[in-house]
Structures are given as C-alpha cells and as structure tokens.
Amino acid sequence: MSIRLQSLTKRFGPQTAVNGISFDVNPGEIVGFLGPNGAGKSTTLKMITGYLHPDEGSVQVCGQDVSTDPLAIRKKIGYLPELNPLYYDLYVREYLQFIGETHQLIQLKARIEEVIGIVGLTKEAHKRIGALSKGYKQRVGLAAAIIHNPEVLILDEPTTGLDPNQILEIREVIRQQGQNKTVLFSSHILSEVESICQRVIIIHQGNLVANDTLDKIRSGDRRPVLTVQFRESLSPEKWNSITGIIRATQTGTNEWQFETADADNLQKQILQLALQEGLNIVSLHIENRRLESIFRSLTTAGHPTT
C-alpha cells in the first residue's frame, strides 16, 4: 500500500478532530478525500505528511511508518496544503530552484522547465510570485509539490482560486500524475471528484462514513431524487401535506430537491398540489442520486458512523 492509516486519532483539547479512521490508498489510484468544513480532512492530510503527530494510531507511506523517519517519508511525498505557503518576493523559477535544491535534485534547470510546462506556468514564469493571480499561485504550489517526482501526491483543495478553464487544465494534470503516482486529494467540487476518481473516502465529524468506489456507493443507495422548480417562491411548510419525502432541500431560486423512495408517487402529489394551488412549474425531473446528494446525506449532523 502507498498509504495506510490504522485507527488514526487526533485531538485538540476536548475536541476530537479525527476519530480512529482507517483506510488504504493503493499505487496508481486517484482517490477523492471528502468531507464538509471541519470534518478533519486537512488534519488527516497533515498527519499523513508528517506535519502533525497522531495521538493514537499509525500512518504508513510506501511501507514506512511516518513517525519513525518523517524526513525520509517527505522525500516520497509531494504535498500541496490548503494554505499554499509561498515566498512572494521570489520569482517563479527562483522559488522552484530553491525547492529543487532542498530536494538535492540533479539536472534541476531542465526539471524546473518541465514542471513549469506541466502545470501551465510558461507565460507567467518570468514574474514574481506576489504578482501572480491566486490561480497561478496555486499552480506554483503544485509545481513545487511535483518537482521531485514523488511516489505519493497529497493535494488539499488543489483547484482553489482557479477559473473553470484552469480547473479543467489542473484536473488533467492530476489525471496524468495519477498514471504513475498515488494521488489523494480533497475537494469541495464534487463534479471534479466524479470526473477524476474511481474511489472516494468521506469523513464527517472526524469519523469515516464512506470508503468505496463511486459505482458501489451509488448502487448502495438507490433512492432517486426529484427536482422541481416553481415560478413562485414557496416555504418549507408547503411540503407538510405531502407524503414520502425523506429529505427536502432548497437548491436554487424557487428550486427544491426531494429525496424519496417512490419518485413517481411524489411527482403525482406535487403536480396535484400545483394544480390545486395554481402554482407554475418551470421544470421537474427525476434522476438517480449523484455524488452531491449522497455526500449531503452522509454528512448530515448526527449521521451514524461506520
């Protein structure tokens, strides 16, 4: 296993940030690491990379325990933290030169130009880092994470600050890196996770609530979702008279999404309600649950841990 966590626990005073989680990530896998804000994602990634010590449990990277020789482990890991630490007074190539020398790389100038091309920094590489946009600063951090060609890549919100075109470009970089590396990355953009990953790990309140392929997670929860948009604004109380709703969520302007065990019956009730009260339906459709819906149900406060 490239990454193995066993009963990993981290506390900050009375708060348990990570509560005895265990999982493996295999060579060549690109795995999405998901959870709402405060779930313990960044804390877990910092323990994997050796920047935080667990209170209980263990982390192994490439067969070595992180606690025994954290410096040796960091040579095998490329890490892009959520808060990207950069030296804004340095030029892009100057910064990558510094990072490469830290890793004692040979043929460093050629490697710098290679990673600049890989992450799409060529047009901005002559600038100081402080003069770059947030998206390009993120690219510099990604270049620094891969410059030493690590076996394991840990990315904490790698597309933060990128526009839609840049997200597609970085997504392709991650996909290419995953061909010969183990990649574990966190993201709040669930469509991004669906497009890159075959497996996801979800934590909530420090507990592991899902660890499986996307196909199995979807097949394990077949509740359909009915989405309806009205021309009128409706209050949540409007649905009190309708049966069969497991969860009702307002997802947009006058748009509601319903989880239900019987979508056809729910659709009939909503159409009948609209007819009785003179409501105008703009759109109505039924679909099998996407990762977004599954994520929301697994990370609702009080969800049982598994």
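Derivation of every value follows stated rules applied to the coordinates shown; laboratory data play no part. As the structure is a computational prediction, the values presented were derived from the model and not from experiment. Here the Cβ positions follow ideal geometry from the backbone for every residue, glycine too, while neighbour counts run over all protein chains shown.
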*Within segment 1-65, chymotrypsin sites (Phe, Trp or Tyr not before Pro) in DSSP loop having at most 15 other beta-carbon neighbours inside 10 Å*: TYR51
*asked:* Along each principal axis of its Cα atoms, how long is segment 223-288 end to end? Whole angstroms, biggest number first, please.
replied: 28, 23, 19
*Top of GLY244, GLY161, GLY130 by mean-square fluctuation, Gaussian network on the chain, Cα under 10 Å*: GLY244
_Inter-label distance, nm, simple model (7 Å from Cα along the C-beta direction), THR213/TYR88_ = 4.7 nm
*asked:* Given a Förster distance of 30 Å, report the FRET efficiency between GLN15 and SER297 from their Cβ-Cβ distance, rounded to the nearest 0.05.
replied: 0.80
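Which FRET efficiency value, to the nearest 0.05, do you get for GLN6 and ALA72 by plugging their Cβ-Cβ distance into 1/(1 + (r/R0)^6) with R0 = 25 Å?
Values: r = 20 Å, r/R0 = 0.78.
The computed FRET efficiency comes out at 0.80.
Could you work out [θ]222 nm for the chain from helices alone, using -39500 (n - 2.57) per DSSP H run of at least four and dividing by all its residues? Round to the nearest 500 deg cm²/dmol. Kindly include the intermediate steps, with their values, before the conclusion.
Numbers: 10 runs with 99 residues, N = 306.
Result for the chain, helices only: -9500 deg cm²/dmol.
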*asked:* Give the aspartates and glutamates reachable from LYS127 as a straight Cα distance under 12 Å; neighbours fewer than 8 places away on the same chain don't count.
replied: ASP89, GLU94
*Virtual spin-label span in nm between GLU56 and THR253, 7 Å along Cα→Cβ*: 5.1 nm
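Listed here are the pairs LYS137/LYS181; LYS75/LYS137; LYS46/LYS76; which of them are more than 19 Å apart at the Cα?
Numbers: LYS137/LYS181 23 Å; LYS75/LYS137 23 Å; LYS46/LYS76 15 Å.
As for pairs spanning more than 19 Å Cα to Cα, those are LYS137/LYS181; LYS75/LYS137.
Could you compute the net charge surrounding ARG175? Neighbours are other residues with a C-beta less than 14 Å from the C-beta of ARG175; K and R count +1, D and E count -1. Write down the numbers at each step before the final one.
Numbers: positive: ARG171, LYS181; negative: GLU29, GLU169, GLU172, GLU192, GLU194.
So the environment of ARG175 carries a net charge of -3.
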*Label-point separation (nm) for SER195 and ASP65, each offset 7 Å from Cα along Cα-to-Cβ?*
4.2 nm
_Given a 10 angstrom Cα cut-off, can you work out which residue in PRO14, PRO164, PRO36 is the most mobile in a GNM of the chain?_
PRO14
*Total formal charge among the other residues, if their Cβ is under 14 angstrom from that of TYR87, Lys/Arg +1 and Asp/Glu -1*: +1
*Output the antiparallel fraction of DSSP beta bridges having both residues in segment 3-218, as a percent to the nearest 5.*
55 percent
_For Rg and Dmax of the Cα atoms in Å, one of [x] 22.7, 76; [y] 19.1, 60; [z] 18.3, 53 was computed from the structure I shared and the rest are decoys. Which label?_
[x]
*For the chain, with only Lys/Arg (+1) and Asp/Glu (-1) charged at the beta-carbon, what is the dipole magnitude about the Cα centre, in debye rounded to 20?*
380 debye
*In Å and whole numbers, how far do the C-alpha atoms of segment 87-233 stretch along each principal axis, longest first?*
55, 39, 27
*Using a Förster distance of 45 Å, the FRET efficiency for ILE286-GLN107 (Cβ separation, nearest 0.05)*: 0.20
